[in-house]
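The values are calculated or read from the model by the stated rules, or taken from the named source; none is laboratory data. All figures in this text were calculated on a predicted structure; none of them were measured in a lab. Reconstructed Cβ throughout: ideal geometry from the backbone, glycine too, with neighbour counts over all protein chains shown.
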Amino acid sequence: MNSIYDFTKAKRKKSKISMVTCYDFWSAKIIENSNIDCVLVGDSLAMVVHGFDSTLHATTEMMALHTAAVCRGTQKFVVADMPFLSYRKGTTIALNHVESLMKSGAKAIKLEGIDGHEDTVRHIVISGVPVMGHIGLTPQSIHQIGGFRVQGKGEESAQKLVDDAMKLEQLGCFAVVLECVPCNVAQKITDELSIPTIGIGAGVHTDGQVLVLQDLLGMDDEFRPKFLKHYLTGKSQVLSALNQFDSEVKERIFPSKKESYS
Ligand code: KIV
């Protein structure tokens with residue numbers, strides 16, 4: 001994916017879009033060599049990299065620093081998350097945050113929800129910055145939602161998701177993330193939109209899928225939400241490499257002659 005037009009093209013051709021989160025240079029370099037279509041510098045970095053208990057602690061400074069590192073490692077299409085409240089204090093302030101992320105190398109920004117910041121979304125789009133929407137479970141509203149749970153289960157809340165998705169498309173968003181919504185709701189939204197939907201916990205019918213890199217690599221073996229599949233036993237593989245290094249150091253196996261200068 002080189003531009004937002006590749007997203008619409010993928011939707012038209014019905015080819016699925018793969019997206020992973022990435023927060024640093026070395027994993028960006030690995031992703032660069034993969035078939036993954038695009039990269040999200042998610043505000044989940046506040047939790048995954050910085051150890052906070054929610055995404056509320058991500059700041060634009062953090063997002064910009066990590067976005068720049070990622071963009072030094074990959075040429076792929078990079079989307080950067082707008083942090084908590086950064087787009088809720090008026091258009092000018094939002095634009096300042098957008099500017100930081102775009103100047104760090106992002107090709108688009110993502111923001112959560114729609115109610116109350118429609119004008120800001122429109123203004124960002126007409127300022128020349130591609131916007132990815134994000135509805136369903138929106139982790140920046142976790143205290144309002146009351147926990148990490150599936151959204152849009154009732155008829156009314158499902159219809160609200162459909163309406164919000166349509167609104168995001170009308171405002172000029174080039175794609176929308178659907179997080180933790182029932183499959184049938186995700187399918188309805190996907191069918192009604194002409195921009196692609198990218199799901200996480202939203203079933204198979206979305207136009208693409210996104211996962212947090214560390215989650216799909218199984219770096220936290222205790223984190224097993226229903227929607228997640230581990231593609232690697234990352235934690236145990238890293239642990240065994242570390243322990244092998246430790247024992248080889250202690251048993252004087254490493255470094256051998258091969259790793260030593262004569
Ligand atoms: O921050 C993030 O990782 C995200 C994805 C879960 C879509 O927004």
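Considering Leu85, Leu56, which residue is at pLDDT 95 or above, of a type in the set (A, V, I, L, M) and crowded, with 16+ Cβ neighbours inside 10 Å?
Going through Leu85, Leu56 in turn, the sole match is Leu56.
Name the residue that is surrounded by the most Cβ atoms within 10 Å (Cβ to Cβ), counting only residues in segment 37-52 that are under 13 Å from the mean Cα position of the chain (by Cα) and more than 23 Å from Tyr87 (Cα to Cα).
Cys38
From the set of residues in segment 170-191 that are more than 19 Å from the chain's Cα centre (by Cα) and closer than 23 Å to Ile124 by Cβ, which is surrounded by the most Cβ atoms within 10 Å (Cβ to Cβ)?
Ile189
Could you please tell me which pairs satisfy a Cβ distance under 8 Å, a separation of 6+ or placement on different chains, a first residue in segment 191-215 that is at pLDDT 95 or above, and a second residue that is near the ligand (Cβ under 9 Å from one of its atoms) and acidic (Asp, Glu)?
Gly199/Glu179; Ile200/Glu179; Gly201/Glu179; Ala202/Glu179
Take the residues of segment 5-35 that are crowded, with 19+ Cβ neighbours inside 10 Å and of a type in the set (Val, Ile, Thr): which is nearest to the chain's Cα centre (by Cα)?
So, considering only residues that are crowded, with 19+ Cβ neighbours inside 10 Å and of a type in the set (Val, Ile, Thr), the one nearest to the chain's Cα centre (by Cα) is Thr21.
Considering each of Thr138, Thr74, Thr92 in turn, give the residue that is of a type outside the set (Phe, Trp, Tyr), surrounded by fewer than 21 Cβ atoms within 10 Å (Cβ to Cβ) and more than 16 Å from the ligand (Cβ to nearest atom).
Result: Thr92 is the single residue among Thr138, Thr74, Thr92 that is of a type outside the set (Phe, Trp, Tyr), surrounded by fewer than 21 Cβ atoms within 10 Å (Cβ to Cβ) and more than 16 Å from the ligand (Cβ to nearest atom).
Taking segment 2-45 only, how many residues are in contact (Cβ under 8 Å) with a residue 40 or more places away in the chain, among the aliphatic types (A, V, I, L, M) and within 16 Å of the ligand (Cβ to nearest atom)?
The qualifying residues number 9.
Six or more apart or on different chains, Cβ under 8 Å: which pairs go from a residue in segment 251-262 that's at pLDDT 95 or above to one that's not aromatic (Phe, Trp, Tyr)? Could you list them?
Ile253/Ser247; Phe254/Glu248
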